[in-house]
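The values are calculated or read from the model by the stated rules, or taken from the named source; none is laboratory data. Model, not experiment: these values are computed from the prediction. For neighbour counting, all protein chains shown are included, and Cβ atoms are generated from backbone atoms with ideal geometry for every residue, glycine included. Remember, those area values only see protein heavy atoms, side chains included, never the ligands or the DNA or RNA. Shrake-Rupley method; radii C 1.70, N 1.55, O 1.52, S 1.80 Å.
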Amino acid sequence: MQQAYLNGLNEPQKEAVIHMNGPLMIIAGAGSGKTKVLTSRIAHLMFSGVDSFNILALTFTNKAAAEMKERVEKALGNTEARNLYIGTFHSVFARILRAEAAKLGYPQSFTIYDSDDSKSVLKQVINDMGLDDKLYKPNIVLNRISSAKNALVGPAEYAMDNFLKQEDARSNRPQIAEIYASYVARCFKSGAMDFDDLLFKMHELLRDFPEVLHKYQHKFKYILIDEYQDTNPVQYQIAKLLAAVHENLCVVGDDAQSIYSFRGATIENILQFQKDYDDVKLVKLEQNYRSSKSIIEVANYVIKNNKGQIPKELWTDNDEGDKIKLVRTMTDNEEGKFVADAIQENKLRNHFYNKDFAILYRTNAQSRSFEESLRRMGIAYKIYGGLSFYQRKEVKDFIAYLRLIANTKDEEALKRIINYPVRGIGKTTVEKCLVIAGEQNITFFEVLEKAKGFGFKAGTLTAIEEFVTMIKYFQNQLTKHNASDVAVQVGKHTNIVKELFNDKSTEGLARYENVQELLNSIKEWTESPSNEDGELGDKSLGSYLQQITLITDADNDNNNEDTVKLMTVHAAKGLEFDCVFVVGLEETLFPSGMSINTREELEEERRLFYVAVTRAKKHLWLSYANSRYRFGQLVQNDPSRFIDEMPEEKIDKSSAGGGARNQSAGWGTAYDRMHGGNNKGWQEQKPKTDSKPSYMPVVPPSTLNKNHIPSVNFIAADPSQLEAGMKVEHQNLDLGLSKKLKDLHTIL
């Protein structure tokens with residue numbers, strides 16, 4: 001009798017699920033049901049007798065991990081799934097590192113620094129070294145250090161590498177190596193790891209401690225890795241080490257969706273997997289359950305232009321669906337108006353909700369025109385990648401108290417709250433403490449504990465002693481109470497909640513509500529059955545802090561909110577919507593002008609476009625603007641090369657979606673005239689200046705080096721009558737929009 005978890009699987013999916021031993025690579029095309037395959041495979045392993053404690057599944061979001069665990073539990077009808085090690089790389093490795101922290105010289109309650117903490121440490125390092133912080137910008141330096149760690153290059157190796165030193169010298173930042181070493185030392189002194197350390201230190205743990213490597217190699221007999229195409233070198237090396245004994249490594253991914261090289265991900269990990277292991281079982285999931293046939297055909301057509309890929313052909317049994325609508329607007333503001341109009345019209349005509357729409361762009365800076373247009377029409381929207389709940393000041397302040405209680409070495413947390421709420425410990429006192437800590441090689445908090453011996457004024461000394469007493473009181477609660485109870489004590493005894501409550505301004509009320517929401521979330525977390533005492537987790541403050549520190553944007557987002565979603569294409573990966581607008585399809589914007597210098601870069605941009613297209617289930621709009629402001633300059637744009645790569649028979653060139661009824665008669669006539677209508681040679685066609693947008697459906701543009709067949713009755717006009725901004729046709733050079741008058745005369 002077939003098990004329930006196998007029901008509904010197609011043959012390739014079933015083949016991937018029931019394969020037991022040996023390396024397995026599952027190439028899962030967009031919308032091919034990979035999550036279902038992964039969860040069914042885990043259920044099959046457990047049903048076949050594999051102990052749940054011996055299965056490790058690594059994902060890239062906590063949301064995906066939670067969904068997988070929930071599905072496995074439902075499929076098997078028991079709670080054994082709670083024993084699975086399912087989580088993100090960072091969360092699983094953080095759990096292991098806490099258990100083994102002493103071997104690396106860290107406290108078990110080590111702090112995990114977010115990017116703001118890391119930049120703050122770097123800013124202090126750069127300042128102490130007397131370097132120019134405009135040249136050594138913390139963000140730039142942090143990216144350099146992050147790249148080094150993800151490539152398994154530590155501070156000592158970095159300093160010895162002549163190529164890296166030459167690179168830094170050419171960028172006029174020759175002291176990156178010294179900053180790197182000092183940054184690492186300061187983090188260690190504070191008992192802190194940054195996000196990259198959770199991978200770097202995990203590799204160090206396995207590399208330098210054979211007994212630890214042996215322990216986890218035999219614990220994790222079956223390893224599954226989701227989104228394998230997004231792994232970086234350090235993740236790849238850790239996976240190889242852990243799987244070296246049993247080689248029961250299952251990787252799932254799609255090389256056509258490898259889009260995170262800027263984070264250190266390397267597509268070679270998935271392209272080379274078959275060379276890393278003998279007798280690899282390869283299964284391709286090519287049936288798409290998400291999108292219409294038209295959308296799938298366009299996606300296939302474009303991605304075939306990439307040379308570096310594993311051959312596959314997506315197909316679907318879904319309906320043919322509408323053609324893809326291609327729309328040109330005069331400006332980026334009119335592009336925003338068109339999208340808002342189209343959303344409103346489709347909501348009314350086809351009964352869609354706001355949440356059925358997504359607007360995808362290449363860079364966050366593009367969101368402005370869409371936000372303005374949506375607001376004007378009263379359409380609710382939400383931007384992905386905005387300020388996270390946990391990045392709000394009042395929330396970070398409260399959490400800083402919790403971090404310090406868990407780890408008094410945490411210098412960044414201590415600096416943040418030592419005088420919040422105000423208690424008479426000013427900037428001068430903090431700076432004096434930091435100098436003493438450096439001179440005596442002790443922590444900031446140890447200076448506070450020994451404050452009597454350092455000559456502080458009486459009032460300041462009293463404030464310091466009261467602060468230290470309060471923190472130690474909170475620490476005594478850690479062994480007696482769970483995270484929620486400790487947090488309530490912090491809110492009460494620090495007067496944070498009282499101070500926010502007394503601020504009756506609109507902003508003050510919002511801050512108070514945010515802190516209350518934080519306390520509610522801690523309470524909810526402690527009462528969750530997944531945090532039962534035992535090997536896999538507990539209700540302690542340390543466990544809670546680890547969980548929230550590793551929350552991603554994707555984990556925060558509530559897809560059930562009835563809002564239009566605005567996001568970059570990178571942020572959209574893994575999501576799906578009935579209706580998708582891919583906007584800004586212009587050369588140097590999408591593809592990015594910074595990512596077309598090599599074939600590898602261009603192919604990643606094409607994969608990014610492929611990801612954007614395959615987010616759509618039913619309706620897809622592609623748009624671009626003839627001109628937009630970029631970096632304060634009005635720029636004239638050429639259409640994206642990806643438009644030329646799409647099959648013409650699947651593109652709707654005659655519909656401008658919700659804005660068709662607002663077309664300017666002048667521009668509509670120009671479009672008709674230049675594409676076979678009544679042509680009168682060079683003729684001025686100026687856009688209307690009223691508030692209605694001028695939407696121009698387009699055909700994919702030809703390039704200037706093609707021989708152009710002129711329109712019927714073509715007659716050349718007097719070049720002296722030309723002005724910048726006119727629509728023009730040339731008997732040899734095709735159609736265009738003048739940028740500068742002198743350029744037109746040059747062409748003519």
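Express in whole angstrom the spacing between the alpha-carbon centres of the range 121-164 and the range 444-482. Taking the Cα centre of the range 444-482 as reference, the centre of the range 121-164 is 34 Å away. Loop-located trypsin sites (Lys or Arg not before Pro) across the range 421-521 with a Cβ neighbour count of 10 or fewer within 10 Å are 457, 480, 504, with loop assigned by DSSP.
Under a model in which nothing but the beta-carbon of Lys, Arg (+1) and Asp, Glu (-1) is charged, the range 165-304 shows a dipole of about 160 debye around its Cα centre.
The range 372-420 and the range 179-193 have Cα centres spaced 23 Å apart. Counted residue by residue at 0.36 nm each, then reduced by the alpha carbon distance between them, the extension gain from residue 344 to residue 163 reaches 59.6 nm.
Rounded, prolate or oblate: which fits the range 398-541, taking a ≥ b ≥ c as square roots of the Cα gyration tensor eigenvalues, rounded meaning a/c under 1.5, else prolate when a/b beats b/c?
On the way: a/c = 2.50, a/b = 1.41, b/c = 1.78.
The shape class here is oblate.
In terms of packing, defined here as the mean over residues of other Cβ atoms within 10 angstrom, the peptides 232-242, 404-414, 356-366, 166-176 line up highest first as 404-414, 356-366, 232-242, 166-176. Each residue of the range 492-504 was assigned a 3J(HN,Hα) from its phi angle through the Karplus curve 6.51 cos²θ - 1.76 cosθ + 1.60 (θ = phi - 60°); the sequence is 6, 7, 8, 6, 4, 4, 5, 4, 5, 5, 6, 7, 8 Hz, with glycine and proline shown as x.
Of 396/565; 219/393; 201/617; 36/201; 63/149, which ones are farther than 30 Å apart at the Cα? Numbers along the way, then the final one.
Details: 396/565 26 Å; 219/393 41 Å; 201/617 41 Å; 36/201 32 Å; 63/149 26 Å.
Violating the 30 Å Cα-Cα cut-off are 219/393; 201/617; 36/201.
Please label the shape of the range 282-356 as rounded, prolate or oblate, based on the square roots a ≥ b ≥ c of the eigenvalues of the alpha-carbon gyration tensor (a/c under 1.5 means rounded; beyond that, a/b larger than b/c means prolate, else oblate). Because a/c hits 1.5 or more and a/b fails to exceed b/c, the range 282-356 counts as oblate. Amide hydrogen proximity for residue 635: with H placed 1.01 Å from N in the peptide plane, the residues at 5 or more positions away or on another chain lying under 5 Å are 628, 629, 630.
Straight-distance candidates among the aspartates and glutamates for linking to residue 472, with alpha-carbon spacing under 15 Å and chain neighbours fewer than 8 residues away dropped: 410, 446, 449. For residue 281, nonlocal amide neighbours, meaning residues 5 or more places apart or on other chains whose placed amide H falls under 5 Å from its own, are 24, 25. In sequence order, the range 572-587 has phi-based couplings of 7, 4, x, 9, 8, 9, 4, 10, 10, 10, 9, 10, x, 7, 10, 4 Hz under the Karplus curve 6.51 cos²θ - 1.76 cosθ + 1.60, θ = phi - 60°, and Gly or Pro positions carry x.
Roughly how many Å² is the accessible area per residue of the range 240-309, as a whole number, for a 1.4 Å probe?
Details: 2930 Å² over 70 residues.
Heavy-atom accessible area per residue stands at 42 Å².
Each of the peptides 203-211, 189-197, 327-335 was scored by the mean count of other Cβ atoms within 10 Å over its residues; in descending order, highest first, they stand as 327-335, 189-197, 203-211.
Pull out a ≥ b ≥ c, the square roots of the eigenvalues of the alpha-carbon gyration tensor of the range 279-412, then state rounded if a/c is under 1.5, prolate if not and a/b is larger than b/c, and oblate in the remaining case. Oblate, since a/c reaches 1.5 and b/c is not below a/b. Database remark: amide H of residue 86 closer than 5 angstrom to the amide H of 57 (H placed geometrically; neighbours at sequence offset of 5 or more, or on other chains; Pro and chain starts carry no H). Rounded to the nearest Hz, the phi-derived 3J(HN,Hα) couplings of the range 213-223 under the Karplus curve 6.51 cos²θ - 1.76 cosθ + 1.60 (θ = phi - 60°) are 4, 4, 4, 7, 5, 8, 6, 9, 7, 10, 10, where x marks glycine and proline.
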